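The values are calculated or read from the model by the stated rules, or taken from the named source; none is laboratory data. Because the structure is a prediction, the values reported are computed rather than measured. Using ideal geometry, Cβ is built from the backbone for each residue, glycine included, and neighbour counts are taken over all protein chains shown.
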Amino acid sequence: MFKSLYLPDVIKWDEESLTDTYGRLEIVPLERGFGRTIGNALRRVMLSSLEGYAPVSLAIDGVKHEFSTVPGVREDVPEIVLNVKSVIVDLQGGEKGILRLDVKGTGTYTAGHLKGDDFVRIVNESQELANLDANGELSMEIVFEKGKGFIPADEWILHGKKDKIGVILLDSWFCPVKKVNFQVQSARVGDRTDYDHLIMDVTTDGSISPEKAVSEACEILIEHFRMIPGGLEPAPGEPEIPAKKEDTSDEEDILSLALEDAGIPKRIANVLSESGIETLEELTARSTKELLSLSGFGPSSLDVIKDVLEEKGLKLQD
């Protein structure tokens, strides 16, 4: 079947630069056009469809709501929330895990001081949580769960969580892949120089390796492609149900727009793309503070973004 296609001779990771969070994958040679096709497909799946782990709720002893302070703690509760959201874990096959912090006295306390379920592996133990003075005391419980994509705090109720006094629901970003870039160079096979050489740079948060991220993305794509030739047929004895055509709303069409297609200047779109933000849907899932923390993204870029979103009836997260 594939006699007329030249399949890759080399599929390898650069061993010298390979770490738990970064890897460079090379695939060569590929038929002309296949480099961009494969690179785009893998990149999109890795940035949107892989499951990961994130903190979903936080409870601090003595704190009834997010806009509070804790005596003897330098950070206020919103700052503690931001620090907790930066904790990266691997539940090692579990669906939910709980970690607690019980500390008092002068010191800087990090994710490494968290204790709880044995199957929860803390990836970034140096992540700072809070600074206490001599009279400070802090006790809190963090719930981590497995999920996909981005879920804002105010949508957790739609997912079955209760808005209880003393429990702070968090914006949760589950994707374990932080950035994926790829480039396509020319490759020679015999006398022909029009083959593709695909180079992919994959950066993860450390809860998953770059190799595993690519492997899972391939499995997702293969599963979808496997279904297409035969279609979805009813089981023997069951009546065939006509496919129901779903209506696509204007808002969904807008959210699926690529940044440049939505009117965002190319320079700003490139900065956002470096952080895995490709569409308006991915952009509106981020907050002002998250965008301003990106390298090369400043207040003037933020103003442009807000103007574009406002024209389309959209806005960033609070």
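Can you tell me which residue among D102, D118, D163 is without any contact (Cβ under 8 Å) to a residue 12 or more places away in the chain, more than 27 Å from T284 (Cα to Cα) and outside the structural domain of R43 (by TED's automatic domain parsing)?
D118
Keeping to region 8-18, report how many residues are in a loop (DSSP other than H, G, I, E, B) and either within 13 Å of A187 (Cβ to Cβ) or in contact (Cβ under 8 Å) with a residue 60 or more places away in the chain (or both).
Total meeting the criteria: 3.
So, of the residues in region 186-219 that are in a helix (DSSP H, G or I) and charged (D, E, K, R), which turns out to be surrounded by the most Cβ atoms within 10 Å (Cβ to Cβ)?
Across region 186-219, the extreme among qualifying residues is E216.
Just to check your reading of the model, which residue among R100, R74 is farther than 30 Å from S209 by Cα and basic (K, R)?
Just one listed residue meets the conditions, R74.
Condition first: surrounded by 18 or more Cβ atoms within 10 Å (Cβ to Cβ), over 26 Å from M200 (Cα atoms) and within 19 Å of the chain's Cα centre (by Cα). Can you find one or more residues in region 33-56 that meet it? Walk me through how you get there before you give the answer.
Filtering region 33-56 for residues surrounded by 18 or more Cβ atoms within 10 Å (Cβ to Cβ) gives 34-35, 38-39, 42-43, 45-48, 50, 52-56.
When the remaining residues are screened for being over 26 Å from M200 (Cα atoms), the result is 55-56.
Subsequent filtering for residues that are within 19 Å of the chain's Cα centre (by Cα) retains 55-56.
Among the residues of region 33-56, at least one is surrounded by 18 or more Cβ atoms within 10 Å (Cβ to Cβ), over 26 Å from M200 (Cα atoms) and within 19 Å of the chain's Cα centre (by Cα), which makes the answer yes.
Please work out if V103 is in a strand (DSSP E or B), at negative phi and out of contact with any Pro (no Cβ under 9 Å at 6 or more places or on another chain).
Yes.
Report yes if L257 is within 29 Å of Q183 (Cβ to Cβ) and modelled with pLDDT of 85 or more, otherwise no.
On the way: within 29 Å of Q183 (Cβ to Cβ): yes; modelled with pLDDT of 85 or more: no.
No.
Looking only at region 106-150, filter to residues that are part of a strand (DSSP E or B) and among the polar types (S, T, N, Q); which one of those is surrounded by the fewest Cβ atoms within 10 Å (Cβ to Cβ)?
T108
Is it the case that I222 is at pLDDT 90 or above, of a type in the set (A, V, I, L, M, F, W, C) and part of a loop (DSSP other than H, G, I, E, B)? Talk me through it step by step, then tell me what you get.
Values: at pLDDT 90 or above: yes; of a type in the set (A, V, I, L, M, F, W, C): yes; part of a loop (DSSP other than H, G, I, E, B): no.
Taking the combined requirement at face value, the residue does not satisfy it.
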